[in-house]
Amino acid sequence: MAKLLELIDFHYYYGNIHSVKGINMHVEEGEMVTLIGANGAGKTTTLQSISGLTKRKGIQGRILFNGKEIQTYPGSKVAGLGIAQALEGRHIFSKLTVDENLRMGAYLRKDTKNIKDDIDSVYKRFPRLLERRNQLGGTLSGGEQQMLAIGRCLLSRPKLMLLDEPSLGLAPLIVKEIFIAINEINREGTTVLFVEQNSKIALSTAHRGYVMQTGEIVMSDTCKNLMENTEVKKAYLGV
Ligand SMILES: Nc1ncnc2c1ncn2[C@@H]1O[C@H](COP(=O)(O)OP(=O)(O)OP(=O)(O)O)[C@@H](O)[C@H]1O
Ligand SMILES: [Mg+2]
């Protein structure tokens, strides 16, 4: 299969702080890949560098999307290529309604006639959002906000969806619901790269995984193999 996304010897510097230290990773078209690791490993920095949300001058190395270098692109240009990101902590528009938030996700689209159908399919996927379509984003529960953040990504009809800690701060049942949805979205054809600290759910959902530790990738394999790996079990799965 073709590599949709590839990071080659990617480094990130916040000034003098060398946060990501030369990582190599890729995501194939149609795949669902996870990046796991403890606090401060560099997961968010990596994801936001792909989506154009970090300062470009901090980057060394290359980020390829469909074989094309994008590491110098600003966020708006990256979004235009079909890369959508749901941020850690979600960042939905708190003063806009659920419906308006979803519409915002479609702002770059030219095929405006299909937007309504896509909003309807988000409501079908997340019936809780339909019940709350006129409620302000800021008044939603954490789980509902995560659903809205994912829904908003879908409204851009992305080729690649990036998610930063979709499980953050959510109760186990909601986490399960969110991951079932992510799995479905992937099976319906969207390539997914997500970052997680909840290694258990991450490795039981994705196809392949990368383990990041203090700015480096220390392991990469199929999730099945990672889950059976003694070191991973001990350090990340608590078994
Ligand atoms: N704006 C910044 N300025 C300076 N250092 C930063 C900045 N943002 C992140 N860092 C540092 O870069 C490193 C990687 O941070 P990052 O947020 O990417 O980690 P993470 O793996 O996402 O962690 P977490 O699981 O806690 O979200 C950390 O040491 C962090 O302190
Ligand atoms: Mg993070």
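Would you check if residue 212 is at pLDDT 95 or above, within 30 Å of residue 100 (Cα to Cα) and under 16 Å from the mean Cα position of the chain (by Cα)?
The answer is no for residue 212.
Take the residues of segment 57-82 that are more than 16 Å from ligand 1 (Cβ to nearest atom) and of a type in the set (A, V, I, L, M, F, W, C): which is surrounded by the most Cβ atoms within 10 Å (Cβ to Cβ)?
Going through the qualifying residues, I end up with 78.
Scan segment 144-166 and tell me whether some residue there is within 16 Å of ligand 2 (Cβ to nearest atom) and surrounded by fewer than 20 Cβ atoms within 10 Å (Cβ to Cβ).
No: zero hits.
Go through (1) in a helix (DSSP H, G or I); (2) modelled with pLDDT under 95; (3) surrounded by 17 or more Cβ atoms within 10 Å (Cβ to Cβ); (4) not acidic (Asp, Glu) and name the single condition residue 85 misses.
It fails just one condition, (1).
Taking the residues in segment 8-54 that are at positive phi and within 14 Å of ligand 1 (Cβ to nearest atom) as candidates, determine which candidate is surrounded by the fewest Cβ atoms within 10 Å (Cβ to Cβ).
It comes out as 15.
So, in segment 42-65, exactly how many residues are within 16 Å of ligand 2 (Cβ to nearest atom) and either within 23 Å of residue 28 (Cα to Cα) or among the charged types (D, E, K, R) (or both)?
11
In segment 166-228, which helices (runs of 4 or more DSSP H) lie fully inside it and hold 3 or more residues that are aliphatic (A, V, I, L, M)?
By residue number, 172-187, 199-205.
Filter segment 124-138 for residues that are in contact (Cβ under 8 Å) with a residue 24 or more places away in the chain and under 23 Å from the mean Cα position of the chain (by Cα); which is nearest to residue 185 (Cα to Cα)?
Among those that are in contact (Cβ under 8 Å) with a residue 24 or more places away in the chain and under 23 Å from the mean Cα position of the chain (by Cα), it is 125.
The values are calculated or read from the model by the stated rules, or taken from the named source; none is laboratory data. The structure presented is a predicted model; accordingly, all values stated were derived computationally and were not measured. No Cβ is skipped: glycine too gets one built from the backbone with ideal geometry, and neighbour counts run over all protein chains shown.
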